[in-house]
Amino acid sequence: MGRATTGTVTAIQGDVRDVELGEGRFDIVVAAAVLHHLRTDAEWRSVFAALHRALRPGGSVWVFDLVESTIPAVQRLIWARYGEYLSGLKGDAYRDHVFAYVEQEDAPRPLTFQLDLLRAVGFAQVEVLHKNGCFAAFGGVKNGI
């Protein structure tokens, strides 16, 4: 990292809907297990646009988060597999606790929705790094100068 930038890492803690990220401030933004808490389409669009604005030309955003499928049968299968994993990890009560929390607190969106939104707010290139069940790693690159 030091060859490309000053090597400075800035951690920002707060509600992603409210924090002031600035304009052209960052080379890279990493959002890990953050975005699935957004509720409305307007919040999703606003946050993705803010991430785009916060990046310098040629900068990139990388997301690691909970996602859904647009196909109901696939979503049911993925959720069942995740439930099996949670039960195996700490039992059925833990699975039920996690699922109840997700139902109450989270609003994950399909990976395709998020990739389309990255493009819609101005990211020139988008890429899926990895997807396994209900989790994905993906991102986008802002046009350079």
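The values are calculated or read from the model by the stated rules, or taken from the named source; none is laboratory data. Worth saying up front: this structure is predicted, and the values here are computed from it rather than measured. Because the Cβ atoms are built from the backbone with ideal geometry, glycine has one as well, and the counts that use them run over all protein chains shown.
With 31, 49 as the choices, which residue is over 26 Å from residue 132 (Cα atoms), surrounded by 13 or more Cβ atoms within 10 Å (Cβ to Cβ), in contact (Cβ under 8 Å) with a residue 24 or more places away in the chain and small (Gly, Ala, Ser)?
On the way: 31 fails: over 26 Å from residue 132 (Cα atoms).
Just a single option satisfies the conditions, and that option is 49.
Could you identify the single residue in 141, 102 that is over 23 Å from residue 29 (Cβ atoms), in contact (Cβ under 8 Å) with a residue 24 or more places away in the chain and in contact with a strand residue (DSSP E or B) (Cβ under 8 Å, 6 or more places away or on another chain)?
Details: 141 fails: over 23 Å from residue 29 (Cβ atoms).
Of the residues listed, the single one that is over 23 Å from residue 29 (Cβ atoms), in contact (Cβ under 8 Å) with a residue 24 or more places away in the chain and in contact with a strand residue (DSSP E or B) (Cβ under 8 Å, 6 or more places away or on another chain) is 102.
Of all residues being assigned to a strand (DSSP E or B) and of a type in the set (S, T, N, Q) in the stretch 84-134, which is surrounded by the most Cβ atoms within 10 Å (Cβ to Cβ)? Just the residue, please.
For the stretch 84-134, the residue satisfying everything is 125.
Can you tell me which residue in the stretch 135-145 is farthest from residue 68 (Cα to Cα), limited to those that are surrounded by 15 or more Cβ atoms within 10 Å (Cβ to Cβ) and out of contact with any His (no Cβ under 9 Å at 6 or more places or on another chain)? First the steps, then the outcome.
Taking the stretch 135-145 and keeping what is surrounded by 15 or more Cβ atoms within 10 Å (Cβ to Cβ), we get 135-142.
Filter once more, so that each one left must be out of contact with any His (no Cβ under 9 Å at 6 or more places or on another chain): 135, 139, 141.
On the way: 135: 8, 139: 16, 141: 23 Å.
Result: 141.
With respect to residue 24, is the statement that it is free of Cβ contacts under 8 Å to residues at least 24 places away in the same chain and out of contact with any Leu (no Cβ under 6 Å at 6 or more places or on another chain) true?
On the way: free of Cβ contacts under 8 Å to residues at least 24 places away in the same chain: no; out of contact with any Leu (no Cβ under 6 Å at 6 or more places or on another chain): yes.
So residue 24 fails the test.
Considering (1) part of a loop (DSSP other than H, G, I, E, B); (2) within 18 Å of residue 115 (Cα to Cα), say which one residue 22 fails and leave the rest.
(2)
Could you please find all residues in the stretch 46-83 being charged (D, E, K, R) and either more than 21 Å from the chain's Cα centre (by Cα) or part of a helix (DSSP H, G or I) (or both)?
Scanning the stretch 46-83 gives 53, 76, 81.
Exactly one of (1) of a type in the set (Asp, Glu); (2) surrounded by fewer than 13 Cβ atoms within 10 Å (Cβ to Cβ); (3) touching a residue at least 60 places away in the same chain (Cβ under 8 Å) is unmet by residue 41. Its number?
For residue 41, the failing item is (3).
State yes or no: is residue 63 touching a Lys or Arg at 6+ places or on another chain (Cβ under 8 Å), among the β-branched types (Val, Ile, Thr), within 17 Å of residue 123 (Cβ to Cβ) and at pLDDT 95 or above? Write out each step before concluding.
On the way: touching a Lys or Arg at 6+ places or on another chain (Cβ under 8 Å): no; among the β-branched types (Val, Ile, Thr): yes; within 17 Å of residue 123 (Cβ to Cβ): yes; at pLDDT 95 or above: yes.
Here the answer is no, as residue 63 does not meet what is asked.
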